[in-house]
Amino acid sequence: MTDISRKEFLKLSGAAIASGALASSGLDSIANAQSRELLHRPIHSTGEMIPAVGLGTASDGFGRMSSNDDYIRRRNAIDALLSNGGTVIDTSPTYRGAEAVVGRALDDLNKRDQCFLATKTSIFGKDDGIEQNARSYNALKTNSFDLLQVHNLKDTDDHLETINALKAEGKVRYVGITHVRSRLNNEAVHFIEDNKLDFIQCQYNMMDRSIENSVLPAAREHGVAVMINVPFARGRLFRAVSGKSVPAWANEFGVDTWGKFFLKFILSHPDVTVAIPGTINDYHVLDNLGALKGRLPTAVERNKMIQYYQDL
Ligand SMILES: NC(=O)c1ccc[n+]([C@@H]2O[C@H](COP(=O)([O-])OP(=O)(O)OC[C@H]3O[C@@H](n4cnc5c(N)ncnc54)[C@H](OP(=O)(O)O)[C@@H]3O)[C@@H](O)[C@H]2O)c1
């Protein structure tokens, strides 16, 4: 693995963005500047490399189960991720029992060490947040989260104080905030500017590219890693292309499914660190991890993807 330092990565991507050459051949080499088989990207604050596709657990009632078969299905999805080079799992105490499913599965699979575990503080009130965090440690059966994020900018200042204290105690490795609505982009930018964040999580997909001119430049400037939620617009992107085959020209950069098409579009932006598609299906996890293989779209191909989507 080529360990790109934070400074080096920021310098290269900043220079390329400044020249207006998004995903140009220069950026392609940055985007692919790692010799692993699967695309990894750095967390800027430490230089730690993580696989650029993970797993979200809000999808289709990940935490809602009515039988053991339901649990096995979700455990298989987690197993597919961790057995095939993925590490990042994003969950939340508000995803109706998803934390408990993830905690149970990581123990059953004995793969806790392979997981980069992200959850959230998702409640108003500082003390309520502290109590909720305690329940999350319990549900996820761990004493340490890789990433703890303030969910949807709820009482952000208070919860950041708590999360930073947990980081100082070694119970959290990285600090982050999340939101999903474009109208909160400017607020998110203020938090990026005023705080020492490791991660920002927000929406980016072919339907909503609003962070390109707000959150992404701020994250680049301040060295904050970017986790992308709802990469498929909660499944609406698949419905938009329903009945259509993936265009043949996308095969040139290793795309043979719509899942890979939408994810490679996201990953071709150099300021994106990791996307977390939600699914309860192991075969979709495998499809999504496929976006980590092969080269990324060039600037011309990326524009072609945008045009294709706009013409639908
Ligand atoms: N504010 C926040 O912090 C926030 C907000 C929203 C989401 N999130 C996080 O972001 C994650 C992703 O968002 P999301 O789950 O709401 O939406 P999403 O990832 O945009 O879309 C999920 C949908 O895509 C389908 N899907 C997944 N992979 C597929 C593939 N390869 N081919 C075809 N269909 C596929 C899933 O169906 P199946 O389940 O049937 O595979 C599901 O219906 C969440 O799970 C959550 O962890 C965070």
The size of the Cβ-based charge dipole (Lys, Arg +1; Asp, Glu -1) of the chain about the Cα centre, to the nearest 20 debye, is 520 debye
Inter-centroid distance (Cα atoms) of the range 115-191 relative to the range 59-97, Å
20 Å
With the full set of protein chains in place, find how many percent of the accessible area of the chain is carbon and sulfur; take the probe as 1.4 Å.
46 percent
Note on the range 6-310: alpha-carbon gyration tensor, axes a ≥ b ≥ c; rule is a/c under 1.5 for rounded, else prolate if a/b larger than b/c, else oblate; result oblate
Gyration tensor (alpha-carbon) shape descriptor, the range 53-170, a/c threshold 1.5
prolate
Chymotrypsin sites (Phe, Trp or Tyr not before Pro) restricted to DSSP loop in the range 111-146 with at most 13 other C-beta within 10 Å:
124
If you restrict to DSSP beta bridges whose two residues both lie in the chain, what percentage is antiparallel, to the nearest 5?
10 percent
Signed unit charges on C-beta, dipole axis of the range 64-205, positive-most listed residue 139, 83, 164:
83
Taking the Cβ of residue 119 as the center, what net charge do the other residues with Cβ under 11 Å away carry, scoring Lys and Arg +1 and Asp and Glu -1?
-1
Sites matching trypsin sites (Lys or Arg not before Pro) across the range 36-89 that sit in DSSP coil, with at most 15 neighbouring C-beta atoms within 10 Å:
36, 64
Per-residue [θ]222 nm for the chain (sum of -39500 (n - 2.57) over DSSP H runs n ≥ 4, rounded to 500)
-12500 deg cm²/dmol
Of 111/154; 141/293; 171/196; 196/260, which ones are farther than 24 Å apart at the Cα?
111/154; 141/293; 196/260
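The values are calculated or read from the model by the stated rules, or taken from the named source; none is laboratory data. In this text the structure is predicted, and so the values were computed from the model without any measurement. Cβ: placed from backbone, ideal geometry, glycine included. Neighbour counts: every protein chain shown. Just so you know, the surface numbers come from the protein's heavy atoms only, side chains and all, with ligands and any DNA or RNA stripped out. Shrake-Rupley method; radii C 1.70, N 1.55, O 1.52, S 1.80 Å.
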